[in-house]
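Every read-out reported here was derived from the displayed coordinates using simple, explicitly stated rules and does not represent laboratory data. Keep in mind that this is a model prediction, so the values were computed, not measured. Glycine gets a Cβ as well: all are built from the backbone with ideal geometry, and neighbour counts include every protein chain shown.
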Amino acid sequence: MHVLLTAGPTYEPLDPVRFLGNRSTGKMGYALAEAFAAQGAEVTLVSGPSQLPDPASPRIRTVRVETAAEMFAAAAEVAPRADVWVFAAAVADYRPAQIAPEKIKKTGDTMTLELVKNVDIAATLGLSKRPEQFAVGFALETTNELAHAQGKLHRKKFDLIVLNSLRDAGAGFGHDTNKVTVLDTAGQIVNFELQSKADVARGLVRLILDRLP
Ligand code: CTP
Ligand code: CA
């Protein structure tokens, strides 16, 4: 079995020294890569900039990228031959419309950046998903969590979506623990306990492997 995993943030350059990014550390995605490899899967881990070292398992090939466009290109190359797609990356929704060739100098008291939408990696790959391929998305919502997650599940052709809780102390960005809720296309909801990201990853992998066609 071959698993394609996206993980970490993306960095969208503004000029040679600055970028737009986010607080994703990659911990959840890297933990998933290890958990899939521990079950015997071959994993391609397409990772945005993360401080974490490449996972040591010989079953995991780590491909380092910076931008959403690079992440898309790397994921699209692997997607056709992967049985399972897991989109754990926190992809920047927008990027600067222009990358200045030189460092932008400080001028007025205010500054406005023009941003343009990035490719939606999960949704775009979803268009070419074959019936036997299995896709898992992630979502982090602060309002109408279940409804928004369900909307993404259908819109992006996911078979499962993992909803990250921000309500619980110890869950989310940078923490070693996480609390998630998993939704499927049949409307079934599975609540996970607050636990280490490694345990969440093992639980998710078990749930995914149980549901493979
Ligand atoms: N995703 C992606 N490419 C993007 C944006 C998101 O592959 N450009 C994936 C994420 O990796 C995640 C899922 O889509 O698995 C949902 O991401 P999220 O940011 O919650 O959804 P968006 O569609 O970007 O909606 P919004 O940020 O407005 O809530
Ligand atoms: Ca987003």
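5 Å is the cut-off here: which amide hydrogens, built 1.01 Å from N in the peptide plane, fall below it relative to Thr67, excluding neighbours closer than 5 in sequence?
For Thr67, the qualifying residues are Tyr11.
Using Cα pairs under 8 angstrom and six or more residues apart, how large is the relative contact order of the stretch 11-61, in percent?
Result for the stretch 11-61 is 34 percent.
In the stretch 1-157, what percentage of the DSSP-assigned beta bridges are antiparallel, given to the nearest 5?
Around 25 percent of the beta bridges assigned by DSSP in the stretch 1-157 are antiparallel ones.
Karplus couplings for the stretch 187-203 from phi (6.51 cos²θ - 1.76 cosθ + 1.60, θ = phi - 60°), rounded to Hz, Gly and Pro as x?
x, 6, 10, 10, 8, 8, 5, 4, 7, 4, 4, 5, 6, 4, 4, 4, x
Length gain on complete extension for the stretch Asp83 to His148, per 0.36 nm per residue less the alpha carbon to alpha carbon distance?
The Asp83-His148 span can extend by a further 20.8 nm.
Which residues among the stretch 1-17 fall inside the zone where the amide N is under 20 Å from a point 7 Å beyond the Cα of Asp176, along Cα→Cβ?
8
Take the alpha carbon atoms of the stretch 21-68, find their center, do the same for the stretch 135-163, and report the distance between the two centers in whole angstrom.
Going from one Cα centre to the other spans 21 Å.
About the Cα centre, and with charges only on the beta carbon of Lys, Arg (+1) and Asp, Glu (-1), how big is the dipole of the stretch 1-151? Nearest 20 debye, please.
Using Cβ point charges on Lys, Arg, Asp and Glu, the stretch 1-151 gives about 220 debye.
Among the listed pairs Lys103/Lys197; Lys27/Lys117; Lys105/Lys197, give every one whose C-alpha distance is greater than 32 Å.
Distance filter (> 32 Å) returns Lys103/Lys197; Lys105/Lys197.
Work out how far the C-alpha atoms of the stretch 1-154 reach from end to end along every principal axis, then list the three figures in whole Å, largest first.
Reported extents, whole Å, longest axis first: 56, 37, 27.
Residues of the stretch 1-34 with backbone nitrogen within less than 16 Å of a virtual label 7 Å along the Cα-to-Cβ line of Glu66, please, listed as ranges.
9-22
Choose one of Phe19, Ala35, Pro9: the residue whose Cα lies farthest towards the positive end of the charge dipole of the chain (beta-carbon charges +1 Lys, Arg; -1 Asp, Glu; about the Cα centre).
Toward the positive end, the furthest listed residue is Phe19.
Could you work out the mean projected area of the convex hull around the alpha carbons of the stretch 81-213, in square nanometres to one decimal?
If I average the Cα hull's projected area over directions, I get 11.4 nm².
I'd like to know which of Val91, Leu204, Ser57 lies farthest towards the positive end of the charge dipole of the chain, counting +1 on Cβ of Lys and Arg and -1 on Cβ of Asp and Glu.
Val91
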